[in-house]
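J.: Can you keep this structure in mind? I'll have questions shortly.
The values are calculated or read from the model by the stated rules, or taken from the named source; none is laboratory data. All values reported here derive from a predicted model rather than from experimental measurement. Ideal geometry is used to build each Cβ from the backbone, glycine not excepted, and the neighbour counts take in all protein chains shown.
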Amino acid sequence: MLKDLVKKCRSYRRFYGDKEITAEQLRELVDLGRLSPSGANRQPLKYIIINSREMNEKIYANIAWAGYLKDWDGPVREERPAGYIIMLRDNSINKTLTMDEGIAAQSIFLGAAEMGLGGCYIGSFKKEQIKKLLQISDNFDIALVIALGYPKEEVVLEDIREDGDVKYWRDENQVHHVPKRTLAQVIIKEI
């Protein structure tokens with residue numbers, strides 16, 4: 001079951017815009033992040049949850065989508081995320097990037113997949129504009145923007161091609177293909 005959940009836990013970039021995410025769903029996902037392991041148990045991560053249409057649009061205007069899809073500007077208005085989780089690092093606890101961000105984000109994504117939600121980790125965003133928009137004090141840095149919604153697209157995992165190209169792509173039916181290295185390619189030794 002866990003392997004199936006991990007396979008469902010993809011980066012989705014198009015959503016059913018008419019399906020809303022509740023604040024309770026977002027709180028539940030943040031709770032999974034909160035309960036995740038933390039280096040030295042310092043727990044430097046804090047969160048802002050957003051599910052209002054007005055603020056969703058303002059956040060959307062400050063993020064970038066799918067760098068490999070050069071001919072795509074991101075989802076159309078009707079296919080945009082229904083909510084966001086802004087992951088913050090509390091500088092009074094820890095000023096540097098740690099493993100905590102990835103661990104917490106993966107817990108959030110697994111929980112989202114279990115709820116029938118999908119999302120996208122977004123590391124390309126206008127940091128200062130979002131900080132100003134959300135009135136985030138200098139005590140915090142934005143570590144990650146997590147976009148969430150009910151997925152409207154199909155994402156297919158496939159073995160990486162012989163040329164080794166890792167770039168994801170979309171076919172003529174807008175199916176999103178994600179090349180993954182095979183197990184044999186990632187295990188270097190068995191001792």
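J.: Here's a check for you: in the range 70-80, which residue that is assigned to a loop (DSSP other than H, G, I, E, B), at negative phi and modelled with pLDDT under 95 is surrounded by the fewest Cβ atoms within 10 Å (Cβ to Cβ)? First the steps, then the outcome.
T.: Step one: filter the range 70-80 for residues assigned to a loop (DSSP other than H, G, I, E, B), giving 70-76, 80.
So of that shortlist, the ones also at negative phi come out as 70-73, 75-76, 80.
Then keep just the ones that are modelled with pLDDT under 95; that gives 70-73, 75-76.
On the way: Lys70: 7, Asp71: 5, Trp72: 13, Asp73: 10, Pro75: 22, Val76: 9.
That would be Asp71.
J.: Any chance you could count how many residues in the range 19-54 are touching a helix residue (DSSP H, G or I) at 6+ places or on another chain (Cβ under 8 Å) and within 17 Å of Ala82 (Cα to Cα)?
T.: 7
J.: On to the next question. Out of Gly102, Gly123, which single residue is within 24 Å of Arg42 (Cα to Cα) and free of Cβ contacts under 8 Å to residues at least 12 places away in the same chain? Give the derivation first.
T.: On the way: Gly123 fails: free of Cβ contacts under 8 Å to residues at least 12 places away in the same chain.
Step by step, each of Gly102, Gly123 is checked, and only Gly102 is within 24 Å of Arg42 (Cα to Cα) and free of Cβ contacts under 8 Å to residues at least 12 places away in the same chain.
J.: Yes or no: Gln106 over 18 Å from Val145 (Cβ atoms) and surrounded by 15 or more Cβ atoms within 10 Å (Cβ to Cβ)? Step through it out loud before you land on a result.
T.: Numbers: over 18 Å from Val145 (Cβ atoms): no; surrounded by 15 or more Cβ atoms within 10 Å (Cβ to Cβ): yes.
Criteria not met by Gln106.
J.: Right, something else. So, of the residues in the range 144-191 that are of a type in the set (Ser, Thr, Tyr) and surrounded by 10 or more Cβ atoms within 10 Å (Cβ to Cβ), which turns out to be nearest to Ile21 (Cα to Cα)?
T.: Here the answer is Tyr150.
J.: Additional query: Checking the structure you have, find out if any residue of the range 181-190 is modelled with pLDDT under 95 and of a type in the set (Asp, Glu).
T.: no
J.: Could you say whether any residue in the range 35-44 is touching a Ser or Thr at 6+ places or on another chain (Cβ under 6 Å), loosely packed, with under 13 Cβ neighbours inside 10 Å and either more than 23 Å from Tyr168 (Cα to Cα) or modelled with pLDDT under 95 (or both)?
T.: Yes, that holds for at least one residue.
J.: Residues of the range 34-58 being closer than 13 Å to Ile108 by Cα and of a type in the set (S, T, N, Q), which ones?
T.: Once the filter is applied, which keeps residues that are closer than 13 Å to Ile108 by Cα and of a type in the set (S, T, N, Q), the range 34-58 yields only Ser36.
J.: Looking at (1) free of Cβ contacts under 8 Å to residues at least 40 places away in the same chain; (2) part of a helix (DSSP H, G or I), which is the only condition Val30 fails?
T.: Of the numbered conditions (1) free of Cβ contacts under 8 Å to residues at least 40 places away in the same chain; (2) part of a helix (DSSP H, G or I), the odd one out for Val30 is (1).
J.: Sticking with this structure for a sec: Being among the aliphatic types (A, V, I, L, M), exposed (fewer than 15 other Cβ atoms within 10 Å of the Cβ) and under 15 Å from the mean Cα position of the chain (by Cα) is the filter here; which residues of the range 47-69 pass it?
T.: Correct list: Ala64 only.
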